[in-house]
Each structure stands twice: as C-alpha cells, then as structure tokens.
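The values are calculated or read from the model by the stated rules, or taken from the named source; none is laboratory data. From a predicted model like this one, the values you see are computed outputs, not experimental measurements. No Cβ is skipped: glycine too gets one built from the backbone with ideal geometry, and neighbour counts run over all protein chains shown.
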Amino acid sequence: MRVFFERSGGFAGRKLQGSLDSSLLPLSKARRLKELLRKSGFFELPATLGSGEPDADRFSYRVTVETDDGRHTVEASDAAIPGQMRPLLDFLTRSILDK
C-alpha cells in the first residue's frame with residue numbers, strides 16, 4: 001500500500017508533502033497506518049470534505065491511498081475533517097516530517 005500526503009496552507013502557507021510505502025515501513029508502523037486508515041473510515045469518505053466556512057490560515061489536506069484493490073483520494077479543509085480522521089493526519093504529518 002502506498003499513501004501520498006499533502007498539507008498546504010496554514011499561517012505561513014508552507015506545503016508539506018511526501019509518501020509512505022507500507023512495505024518499506026517497520027512492521028509496527030505499517031500496522032499502525034493500516035489501523036488508522038480503518039478507524040478513520042478513509043475508504044468510505046467522499047472525495048471532498050468542505051466546511052462551508054472561510055479557510056484563511058487553515059490547513060488543507062489531500063490524502064491518496066493506493067492498494068491492490070484500487071485508489072482513493074480525500075481532500076479536506078481543516079475545519080471539515082471528521083474527528084476520526086485526525087489521528088491519521090497526525091500520523092502522516094509526523095511520518096513525513098521525520099523522513
């Protein structure tokens with residue numbers, strides 16, 4: 001499984017992007033990633049999550065997950081992110097920053 005992650009916007013407007021390949025991650029980290037995807041209901045989320053509120057100085061996220069079964073992308077503004085998706089985004093942010 002491959003995960004492509006992009007976070008843009010925020011106060012400084014800096015972009016963070018990268019990818020993770022579960023086959024290259026330590027086993028514990030790969031399991032955690034799969035668990036977070038499952039708990040977030042990622043594959044059931046719509047392609048776009050919007051809040052209807054102005055997004056000035058907030059982050060926007062784009063997450064794409066590729067598996068043997070296909071590909072799913074979710075784009076979301078910070079204000080529209082469901083609570084169950086926060087741990088996944090935090091994990092991805094830390095993982096990309098630690099690379």
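Structure notes:
- Among residues of segment 24-38 that are surrounded by 11 or more Cβ atoms within 10 Å (Cβ to Cβ), those with a beta-carbon under 8 Å from a residue that is assigned to a helix (DSSP H, G or I) and among the aliphatic types (A, V, I, L, M) at least six positions away or on a different chain give the pairs L25/L33; L36/L88; L37/L88.
- Unique match (being of a type in the set (A, V, I, L, M), more than 15 Å from F5 (Cα to Cα) and either modelled with pLDDT of 95 or more or out of contact with any Leu (no Cβ under 9 Å at 6 or more places or on another chain) (or both)) among L24, L89: L24
- Of all residues in segment 61-86, those that are closer than 16 Å to M1 by Cβ, more than 13 Å from the chain's Cα centre (by Cα) and not hydroxyl-bearing (S, T, Y) total 4.
- For segment 54-86, a residue qualifies if it is touching a strand residue (DSSP E or B) at 6+ places or on another chain (Cβ under 8 Å), outside any strand (DSSP E or B) and at pLDDT below 95, and the qualifying residues are D55, D57, R58, D78, A80, I81, P82.
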